[in-house]
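The values are calculated or read from the model by the stated rules, or taken from the named source; none is laboratory data. This is a predicted model, so every value here is computed, not measured. No Cβ is skipped: glycine too gets one built from the backbone with ideal geometry, and neighbour counts run over all protein chains shown.
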Amino acid sequence: MELKESLLLWSSPFAESEAFMLDMIKSSGSKTFICLTDKDSKTFLAESEIKGYKINRATKFLNYDGDLKKLFSKIKKSVAKGSLLCVDNISRIIDDHGISAISGLKNLNDELTVIGAKALFLFTEWPYEDDVFSGLRSSFKEVATINEFNGINYFSLDGTTTPYSVTSGGLKVSNKIIVIGPEKSGKTSFIKSVSNNKSVFDNFSNDLTIDYADCDEFQFIGASGSNYSPLLSLFSDASSVLIMVDPSKHESIMDAKSMISSSVSNGFRVIIGNNDFRGTGLKASDLRQLLGVSDDIKVIDLFSEPGVLKRLLNY
Amino acid sequence: MAEGIRIGLKGFESMFTKSFPVGNSLLLLSPPLSEVSILGLEFLYDGLKRGEPGVYVTLDDSPESLKLKALKFGWPLSNAENMGLMRWIDVYSIHANKDVKSTESIIRVGGPLALTDISIALSQVQAGFHRLSGSYRFFFDSLSTLLLYNNPNTIYRFLQVITSKLKMSNGVGFFTLGKGMHDEKVNMTIRHLMDGAITLNDNLELSVLSLPVVSETRFGKLTLTRQGFVLQ
């Protein structure tokens, strides 16, 4: 996962946020500075390897010994344009210096932005006073949250939630994609067509049949008919929802609109599949207009484009 | 859902009643260097014999030496480790510069400053136990070491989060705190965060300060025998 701009990574005390930081360091390719506040670099390096990440030798560690002024001065001397600074974890700094540390961190972040460096600040949400939380929220432009539930971590940014787990091979984003869509939009056919093996189905209840199919490392899960709501709650650990739309049906467009809004409000990343198997000639761009969706929702032609699946999975 | 655990330690029935409700964290105030770790090992082993999972969070000793200590009393823990019933969170070894790595049963944490890592480790252990049993036992030894490295307010916040997670996940067990090591305000605030408190003096005399259940006995004397502690 790539860091686009400086970010405050706000995590619950039980969520694994360090793996996220390691993944961002790996993707950045920038000269990295890591400031550790609650462990030494040797321990950090050993833990990183267990999580599947090898820290580049060029990475520099900046010590924090409780003296915030000294730390800021070291950072400003070291960090240059294009570099990445990771502070793991600012909760320790807030513990030591109280709310005054927040304005210091904000100023530091502003200065880094001016010189063209990016920063990632990890924060653990211990039960602080409200002014700490509001101070942090107002001081950082980009705030992502990480929560944990039943052993799965959920990363949320800009209203989109991505479930992931931490393995010895690094951070693994959930491989589940829920396939929903109005009736007769081609969900089951799609699932069958992408499956590496024979797809299976499960009569979950009298009114819900779930289709499963494995495609490379991904798992597609769909429900027959238009009964999609249970899927969104049953598979809340899915990474995305693919909404299949048959553009030849007006009512299909209307139903798809409510599915999009329901999926987005449940925090899922949404992909819309233009399944023009009846050959109307309507393209993804036309369907986007018909549905009136914003640019951050991907609309792709499922039927006509070669390699569409690859594009879908790489999204 | 699990309602309570039976504490099978000799003499403890009258103090803890036959079924002690899960979801409770008790503070065990004891003089430094008293053998509370043996009490912790015995408490966990008593649960393991009944198929109840247990986690020992150690800040003052390595799991390896604690296992050896348990073995001397005839409490083998390896089988339970292999079955996933016994887990350790080792906050001691790396900090003590031992060249060790985490194993299937031991999660090593960098040191007493790494509170987030301790809470993540606890969460991982709890998730594993959840698949095996409705409740589990824990022994956290000791809060005094955490307080040596962190300021008290940081530890209060940590405990607020941890005790609530233990409650929700049906954990039951003890946090130890060295008697006479911290000022009264620290002792009282930590007591306030717990569901009950027991104190132990240099002569191993035990008294109940508060418990979440009615206990017939509030005082007793512990004797360490070859088979473990007996409360008289």
Residue A:146: within 19 Å of the chain's Cα centre (by Cα) and surrounded by 20 or more Cβ atoms within 10 Å (Cβ to Cβ), yes or no? yes
Tell me whether the range A:49-58 contains one or more residues that are closer than 15 Å to residue A:117 by Cα and more than 14 Å from chain B (Cβ to nearest Cβ). no
Is it the case that the range A:81-98 has a residue that's under 30 Å from residue B:162 (Cα atoms), over 28 Å from the mean Cα position of the chain (by Cα) and not acidic (Asp, Glu)? yes
Of the residues in the range A:64-119, those that are within 20 Å of residue A:44 (Cβ to Cβ) and among the small types (Gly, Ala, Ser) come to A:66, A:78, A:83, A:91, A:119
Taking the range B:81-91 as the region of interest, how many residues are in contact with a helix residue (DSSP H, G or I) (Cβ under 8 Å, 6 or more places away or on another chain) and either aromatic (Phe, Trp, Tyr) or surrounded by fewer than 22 Cβ atoms within 10 Å (Cβ to Cβ) (or both)? 2
Applying the selection to the range A:36-48, what residues are at the interface with another protein chain (Cβ under 7 Å from one of its Cβ atoms) and of a type in the set (S, T, N, Q)? A:43
Tally the residues that are under 22 Å from residue A:232 (Cα atoms), in contact with a Ser or Thr (Cβ under 9 Å, 6 or more places away or on another chain) and either in a helix (DSSP H, G or I) or of a type in the set (Lys, Arg) (or both), restricting the search to the range A:264-288. 2
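Every residue, every condition in (1) farther than 14 Å from residue B:141 by Cα; (2) aliphatic (A, V, I, L, M), yes or no:
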| site | (1), (2) |
| --- | --- |
| B:4 | yes, no |
| B:7 | yes, yes |
| B:41 | no, yes |
| B:45 | yes, no |
| B:61 | no, no |
| B:68 | yes, yes |
| B:84 | yes, no |
| B:90 | no, no |
Residue that is nearest to the other protein chains (Cβ to nearest Cβ), among those in the range B:102-111 that are in a loop (DSSP other than H, G, I, E, B) and within 18 Å of residue A:18 (Cα to Cα): B:110
Within the range B:112-123, track down each residue that is within 15 Å of residue B:55 (Cα to Cα) and more than 7 Å from chain A (Cβ to nearest Cβ). B:118, B:121, B:122
Return the residues of the range B:163-180 that are surrounded by fewer than 17 Cβ atoms within 10 Å (Cβ to Cβ) and not charged (D, E, K, R); say none if nothing qualifies. B:164, B:168, B:180
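Return a yes/no flag: does the range A:78-86 have any residue that is within 14 Å of another protein chain (Cβ to nearest Cβ), buried (at least 22 other Cβ atoms within 10 Å of the Cβ), at pLDDT 95 or above and outside any helix (DSSP H, G or I).
No, there is no match, as no residue in the range A:78-86 is within 14 Å of another protein chain (Cβ to nearest Cβ), buried (at least 22 other Cβ atoms within 10 Å of the Cβ), at pLDDT 95 or above and outside any helix (DSSP H, G or I).
Condition (residue is modelled with pLDDT of 80 or more, part of a strand (DSSP E or B) and at negative phi) applied to the range A:180-200: is it met by at least one residue? Before you say what the answer is, go through the steps one by one.
Let us first name the residues in the range A:180-200 that are modelled with pLDDT of 80 or more, namely A:180-191.
Next, only the ones that are part of a strand (DSSP E or B) stay: A:180.
Next, from what is left, pick out any that are at negative phi: A:180.
Yes; the residues of the range A:180-200 include at least one that is modelled with pLDDT of 80 or more, part of a strand (DSSP E or B) and at negative phi.
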Tell me which residues, restricted to the range A:215-239, are modelled with pLDDT under 80, within 22 Å of the chain's Cα centre (by Cα) and outside any loop (DSSP other than H, G, I, E, B). A:215, A:218
Got a number for residues in the range B:49-69 being surrounded by 22 or more Cβ atoms within 10 Å (Cβ to Cβ) and of a type outside the set (Asp, Glu)? 9
Residue that is farthest from the other protein chains (Cβ to nearest Cβ), among those in the range A:100-131 that are in a loop (DSSP other than H, G, I, E, B) and small (Gly, Ala, Ser): A:116
